[in-house]
Amino acid sequence: MPFEIFQADARTILSPVSGFLKEAGFTHSLTPSRNCTFGCTYCYVPTMRVQAGLKPEDWQHWGQRTTFKRNAAGLLAKELRGTERIYCSPLTDPYQPAEDQQKLMREILRAVADAERPPEVFVVQTRGPLILRDLELLQAAGERTRLRVSFSVTTDDDRIRRIFEPICAPIETRWATIRALREGGVAVTATLAPLLPCDANALLARVLEDTDGPVVADPLHVRAVKRSGATTRQPALEICRKFGFEQWLDPNFQNQTLRGMSAQAAAAGRVFGWGPAGFGLLTGTREQTEAGGVYT
Ligand code: SF4
């Protein structure tokens, strides 16, 4: 799908977090661009509109344009204090398709690697195999901070992937990316979020086989349990209705599924968490045995 790329200067680049990310133990978020050219049908961000710093042209044309904060790396070098636990990024994928041309993450990772006062934690949340372009920079930054890549794997069925997130990489390409990151010595978690229709047991079995450390998941956010704030975008709700996937929006079914996965992980000696407690596992600061979150 074609997209437009714009540039802008930001006033600041590290934003203090609240809500979900604060509960998870992060202190700041870093969002390198406005709007994400993966354009997933369920993406929560455009539902936040101005709260996410978006302009109407962003939420009206989600995925078709993006505006990079071209001075992000310079700002980051000035703003780091050495105590931050940074999540990059809650509002866009740092390795979205447009990043291939922009190469902003190279500058950002270099700023982390060269920082006088590197952050305590730096989590890169992505689903983009493009991240392998920056393997050496991830390794260098990982020498200076507790760096972890949280790599999204949303289903075990590539037909489902094509329906909900057609621009994103095939599932097998994502597993290959996770493998390459691990072989490169980068800490990586397969993050099952949002959990799309799948064979949950088969998906988790793959996670247990192909990764180590804690397992993180999160169901599709729905208004039934989250009255305000970011939620699943309309196109994904329509897909669920059209293809008969409504149970994946049902909080009881979501809980049951997550609990089953948690038991399966526990039987393999692995920690499994969801919600803020689950994402807290990415910081490496939570007591791992405390992981888990429920909606009821
Ligand atoms: S990759 Fe993430 S931020 Fe980008 S459109 Fe998909 S869900 Fe939204």
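The values are calculated or read from the model by the stated rules, or taken from the named source; none is laboratory data. Remember, it's a predicted structure, so these values are computed and weren't measured experimentally. We place every Cβ from the backbone using ideal geometry, glycine too, and count neighbours over all the protein chains shown.
Residue 81 falls short on exactly one of the conditions (1) closer than 22 Å to residue 177 by Cα; (2) of a type in the set (Lys, Arg); (3) surrounded by fewer than 19 Cβ atoms within 10 Å (Cβ to Cβ), and that condition is (1). Just wondering, is there one or more residues in the range 210-231 that are within 21 Å of the chain's Cα centre (by Cα), in a helix (DSSP H, G or I) and among the hydrophobic types (A, V, I, L, M, F, W, C)? No, there is no match, as no residue in the range 210-231 is within 21 Å of the chain's Cα centre (by Cα), in a helix (DSSP H, G or I) and among the hydrophobic types (A, V, I, L, M, F, W, C). When restricted to residues that are touching a residue at least 40 places away in the same chain (Cβ under 8 Å), surrounded by fewer than 24 Cβ atoms within 10 Å (Cβ to Cβ) and either closer than 13 Å to residue 193 by Cβ or in contact with a helix residue (DSSP H, G or I) (Cβ under 7 Å, 6 or more places away or on another chain) (or both), the range 132-146 contains 1.
Going by the conditions given, is residue 241 over 25 Å from residue 130 (Cβ atoms), outside any helix (DSSP H, G or I) and without any contact (Cβ under 8 Å) to a residue 24 or more places away in the chain? So residue 241 does not fit the description; no.
For residue 72, indicate whether it is buried (at least 20 other Cβ atoms within 10 Å of the Cβ) and either over 15 Å from the mean Cα position of the chain (by Cα) or β-branched (Val, Ile, Thr) (or both). Answer is yes for this residue.
Residues that are in contact with a Gly (Cβ under 6 Å, 6 or more places away or on another chain) and buried (at least 21 other Cβ atoms within 10 Å of the Cβ) do occur in the range 209-216.
Here is the figure for the range 111-170: residues that are of a type in the set (Lys, Arg) and away from the ligand (no atom under 16 Å from the Cβ) total 6.
Looking only at residues that are at pLDDT below 95 and touching a helix residue (DSSP H, G or I) at 6+ places or on another chain (Cβ under 9 Å) in the range 1-22, which one is nearest to residue 94 (Cα to Cα)? Residue satisfying both the conditions and the ranking: 20.
Answer yes if at least one residue in the range 12-30 is in contact with a Cys (Cβ under 8 Å, 6 or more places away or on another chain) and either more than 24 Å from residue 195 (Cβ to Cβ) or among the hydroxyl-bearing types (Ser, Thr, Tyr) (or both), and no otherwise. Looking for residues that are in contact with a Cys (Cβ under 8 Å, 6 or more places away or on another chain) and either more than 24 Å from residue 195 (Cβ to Cβ) or among the hydroxyl-bearing types (Ser, Thr, Tyr) (or both), one finds at least one in the range 12-30, hence yes. The selection criterion, being at negative phi, more than 12 Å from the ligand (Cβ to nearest atom), within 20 Å of the chain's Cα centre (by Cα) and not hydroxyl-bearing (Ser, Thr, Tyr), holds for residue 100. Determine, yes or no, whether residue 80 is of a type in the set (A, V, I, L, M), touching a Lys or Arg at 6+ places or on another chain (Cβ under 6 Å) and away from the ligand (no atom under 16 Å from the Cβ). Criteria met by residue 80.
Taking the criterion of being within 14 Å of the ligand (Cβ to nearest atom) and small (Gly, Ala, Ser), the residues of the range 18-66 that qualify are 29, 33, 39, 52, 53, 63.
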